[in-house]
Structure formats: structure tokens, C-alpha cells
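Since the structure comes first, as C-alpha cells, the remarks are kept for the end.
The values are calculated or read from the model by the stated rules, or taken from the named source; none is laboratory data. The model shown is predicted, which means the values in this text are computed figures rather than measured ones. Neighbour counts run over all protein chains shown; Cβ positions are idealised from the backbone, glycine included.
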Amino acid sequence: MERKLKPILVERTLREKGIHLFSPEEFRRLFGVMLRAAQEFVKDHHGDLFIKLRNGLYALRSEPPHELEIANRTVCPSRNTHL
């Protein structure tokens, strides 16, 4: 039987663990729920609890990550071809 996630506890857990950015898969692992349940929870609370940064990447609305942290997760580093 899958446990019911409560928004206030989810927010508290993410803050305590210092998680600023997460994917539904990371959310699933953290809270021990099925991927579909994680996706639905994030979708249901988009706007009030979470902000969508891009497809598959979310953050807490109350503690948005620094822009450099977002860049590290969204932009692949360029390869140095001169080596």
C-alpha cells in the first residue's frame, strides 16, 4: 500500500535535505513512492508548491534555486576539443 504524501511534509523534507532542484524520478526515490505517484503529486502541486523550470525539472516555489544551480542541471558542458 502506497502512503499518501502531504504537501507540508514534502516541502519540509525537501528544505531539510537541501534539495533545490529535482526530477520526478529523484522525488520518487526520496519519498519512496511509485514514479506515477511522484509525477501526479508534482503535477497536482505545480503552481502552489513547485515551479516548473523545464520538462522534468522542478523546484520549491518558496525557495527557488540560484540561477547557476539551474544552469548546472540544464546545460551540458561544452567539450574542449583543443586537448
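For the stretch 53-81, the set of residues classified as in a loop (DSSP other than H, G, I, E, B) and either at pLDDT 85 or above or surrounded by 11 or more Cβ atoms within 10 Å (Cβ to Cβ) (or both) consists of 55, 56, 61, 62, 63, 64, 65, 66, listed by residue number. Within the stretch 2-23, the set of residues being within 17 Å of residue 46 (Cβ to Cβ) and surrounded by fewer than 15 Cβ atoms within 10 Å (Cβ to Cβ) comprises 6, 7, 8. Just one residue in the set 40, 26 is within 11 Å of the chain's Cα centre (by Cα), surrounded by 11 or more Cβ atoms within 10 Å (Cβ to Cβ), assigned to a helix (DSSP H, G or I) and modelled with pLDDT of 90 or more; that residue is 26. When each of 10, 33 is tested for being out of contact with any strand residue (DSSP E or B) (no Cβ under 7 Å at 6 or more places or on another chain) and assigned to a loop (DSSP other than H, G, I, E, B), the lone residue that passes is 33.
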